[in-house]
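The values are calculated or read from the model by the stated rules, or taken from the named source; none is laboratory data. Remember, predicted model here, so these are calculated numbers, not experimental data. When we count neighbours, we look across all protein chains shown, and the Cβ atoms used for this are built from the backbone with ideal geometry, even at glycine.
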Amino acid sequence: MIDIETGRVFSFEEFNKECNRYANYFQGQGFRAGDVVALFMENSVDFVAAWMGLAKIGVATAWINCNLKREPLAHCIQTTLDETISAELFSCQNVNLYVIGDARMNPRFIQLSEKLQSQRTFEPKQRDVIDFKSILCYIYTSGTTGLPKAAVMKHFRYYSMVIGAAKSFGIYSSDRIYVSMPIYHTAAGILGVGQALCRGSCCVIRKKFSASNFWRDCVQYQCTVSP
């Protein structure tokens with residue numbers, strides 16, 4: 001897996017260790033199956049590692065459109081988290097806020113990047129039953145006809161969509177997948193990144209779509225598929 005903006009390159013072993021850092025950290029914080037963590041992130045390897053790591057301990061993730069503000073943002077979080085939240089997100093005192101990057105802008109942020117570095121990289125303890133029927137994540141509609149609506153994505157549904165896309169469009173494990181559309185939507189998060197997670201393809205991630213960089217990136221990273 002390749003993160004264009006940061007230049008980081010991960011083998012499958014290295015990426016799995018990164019996922020385990022998230023899993024072990026949040027398990028140590030008391031998170032377990034049935035809990036939900038909202039991801040408000042731009043495209044990055046960290047986005048994928050966070051959701052995969054949390055999935056290992058049975059925690060579902062809500063993939064929030066990082067361009068949302070005020071009421072639509074509060075609505076998306078409220079529909080998947082137990083705590084009541086107002087449109088003023090940072091005024092809510094009973095929701096932990098984790099940040100990857102610079103947390104100095106707000107003392108309520110928990111600097112996650114530093115904490116992850118000290119985490120164990122082996123597989124987390126299996127304390128709950130996690131199977132194909134377990135909820136993997138919540139993916140939201142675009143909200144063009146109202147507020148975004150959360151669609152429940154279970155492990156089996158995610159897997160079947162990945163395999164179905166591969167069979168339908170002739171995608172192979174030898175393909176290199178270029179992902180520049182938002183990972184929090186189905187096309188990139190499932191049909192694109194899923195080819196790496198479920199079928200072993202290389203995934204190249206750009207933070208956001210760029211018309212001027214699209215073909216340059218595809219040539220440089222030898223990409224053969226883009227959802």
Within the stretch 197-222, tally of residues that are assigned to a helix (DSSP H, G or I), touching a helix residue (DSSP H, G or I) at 6+ places or on another chain (Cβ under 8 Å) and among the hydrophobic types (A, V, I, L, M, F, W, C):
2
Out of Gly192, Gly200, report the one residue that is among the small types (Gly, Ala, Ser) and crowded, with 21+ Cβ neighbours inside 10 Å.
Gly192
Every residue from the stretch 168-196 that is more than 13 Å from the chain's Cα centre (by Cα), assigned to a loop (DSSP other than H, G, I, E, B) and either closer than 12 Å to Phe47 by Cβ or among the β-branched types (Val, Ile, Thr) (or both):
Ile171
Count - residues of the stretch 141-182 that are surrounded by 14 or more Cβ atoms within 10 Å (Cβ to Cβ), small (Gly, Ala, Ser) and in contact with a strand residue (DSSP E or B) (Cβ under 6 Å, 6 or more places away or on another chain):
1
Please indicate, with yes or no, whether at least one residue in the stretch 65-72 is among the aliphatic types (A, V, I, L, M), at pLDDT 95 or above and not in a strand (DSSP E or B).
no
Exactly one of Asn20, Asn43 is outside any helix (DSSP H, G or I) and among the polar types (S, T, N, Q), and that one is Asn43
Given the conditions (1) touching a Leu at 6+ places or on another chain (Cβ under 8 Å); (2) over 18 Å from Val37 (Cβ atoms), which single one is not true for Pro148?
(2)
Please list, ordered by first then second residue, the pairs with beta carbon atoms under 6 Å, 6 or more apart or interchain, first in the stretch 118-137 and assigned to a loop (DSSP other than H, G, I, E, B), second of a type in the set (A, V, I, L, M, F, W, C).
Pro124/Ala23; Pro124/Ile57; Asp128/Ala33; Phe132/Phe156
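Quick one: count up the residues across the stretch 1-27 that are under 14 Å from Arg127 (Cα atoms) and in contact (Cβ under 8 Å) with a residue 60 or more places away in the chain.
Kept after step one, since they are under 14 Å from Arg127 (Cα atoms), are these residues of the stretch 1-27: 23-24, 26-27.
Now narrow it down to the ones that are in contact (Cβ under 8 Å) with a residue 60 or more places away in the chain: 23-24, 27.
Summing the residues that are under 14 Å from Arg127 (Cα atoms) and in contact (Cβ under 8 Å) with a residue 60 or more places away in the chain in the stretch 1-27 gives 3.
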